[in-house]
1. What percentage of the solvent-accessible surface of the chain, computed with a 1.4 Å probe over protein heavy atoms, is contributed by carbon and sulfur atoms?
2. Can you tell me how much longer the chain between Thr256 and Arg75 gets when fully stretched, taken as 0.36 nm per residue apart minus their C-alpha distance, in nm with one decimal?
3. Any chance you could look up the accessible area of Arg201 with a 1.4 Å probe, heavy atoms only, rounded to 10 Å²?
4. Defining a contact as two alpha carbons under 8 Å apart and six or more residues distant in sequence, what relative contact order in percent does the chain show?
5. Label point 7 Å out from Lys302 along Cα-to-Cβ: which residues of segment 160-185 have amide N under 18 Å?
6. Can you give the FRET efficiency for Leu239 and Asp105, using 1/(1 + (r/R0)^6), R0 = 35 Å, r = Cβ-Cβ distance, to the nearest 0.05?
7. Give me the distance between the Cα centres of segment 181-242 and segment 308-352, rounded to whole Å.
8. Under unit Cβ charges (Lys, Arg +1; Asp, Glu -1), what dipole magnitude, rounded to 20 debye, does the chain have relative to its Cα centre?
Amino acid sequence: MTDYLIVGSGLAGISFAEKAINEEKSIVVFDHNKNSSSRIAGGLYNPVILKRFSEVWRAKEQLELLEVFYTEIERKLNVNVDFKMPILRKFYSIEEQNDWFTASDKPNLSDFLSTKIITSKINGIDSPFNYGEVLHTGYVDTRLLLDTYKEYLTSQNCLVEAVFDYDAIVFKENHIEYKSIKARHIIFAEGFGIHSNRYFRYLPVDGTKGELFIIKAQNLNLDVIVNTSVFILPLGGHLFKVGATYDPIDKTQLPTEDGKQLLIERINEILNCDFEIIEHFAGIRPTVKDRRPLIGTHPNYKNLHVINGLGTRGVMLGPQMAKELFENIEYGKPIDKEADIKRYQKRLSMFI
């Protein structure tokens, strides 16, 4: 008997897998979504919404758990995936500077927003109004993380690379059977692929397409992340990740010419040096209109559970939501009402 059959090997899936393993539970992971948005994500972790200078939901808890989670994974996998790096918010006016100082005085933001204006010049970027520094930030190399973690799962003989067949689930009194697998629980961590899931497609995962670049800019001297209308993240070797666009209409995984031109336009607004596009990629983020994740147990099937809706903050939300879901299943601890799928239970009747 396997404890958990996990469908999906993106950030949500491996976050739950790691939590279960650390709690000495047995798992089988289905690599269900070949085009996981987690692989092409920016991977930034940042406790502040910089458009509005407001705190990310439950940011302090997420950062505390994030530190432990990725340190343990790096030790286990013998790989460096968590890169501590300041985020600088470029100011466009004196008014924005004033708004920054006003926000930094708020008790919930004072730990995250430095009150010292960064006046250092960055070769390749004009910023006459300077920068504000966000604290406790960095990025996770999600592609390296997911690839290495899949290798680990393979070495433990608990990775199945196959499309999951929902019709093959057989419900027993205290467990489920899926082909040759017997499991106490199934965890669906499919991202936007949830729309194919007959059990959880009632949940309102909208999906927002994001497009990003890897660029090369020989004359851009940058060792921090800069946030403006897009983020610019140094990767080393004069390479930079730049993104992202937000398109709620297009649900394809393919990069588009419109997305390309928009990113070029925004880069040209920021950089005053030449750059070359090395790679252009896209993915569908699993987003929810109320901007809260989706975790919990199916109202009619006690062995089926979901972790989804991590949106653009999967690096931060994944470990926290996996912990909360696991402790709810195993110990009956309550799920935060803002994240619990019970808030959408009325929608279920529309999909039966």
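The values are calculated or read from the model by the stated rules, or taken from the named source; none is laboratory data. Remember, it's a predicted structure, so these values are computed and weren't measured experimentally. Positions of Cβ are backbone-derived with ideal geometry, glycine not excepted, and every protein chain shown enters the neighbour counts. Note: accessible area is taken over every heavy atom of the protein model, side chains too, but ligands, DNA and RNA are not part of it. Shrake-Rupley method; radii C 1.70, N 1.55, O 1.52, S 1.80 Å.
1. The value for the chain is 48 percent carbon and sulfur by accessible area.
2. Numbers: separation 181, 0.36 × 181 = 65.16 nm, distance 3.84 nm.
That works out to 61.3 nm of additional length.
3. Accessible area of Arg201: about 100 Å².
4. In percent, rounded to a whole number, it is 23.
5. Under cut-off, by backbone N: 170-177, 183-185.
6. So the FRET efficiency works out to roughly 0.40.
7. Between the Cα centre of segment 181-242 and that of segment 308-352, the gap is 19 Å.
8. The calculation lands at about 860 debye.
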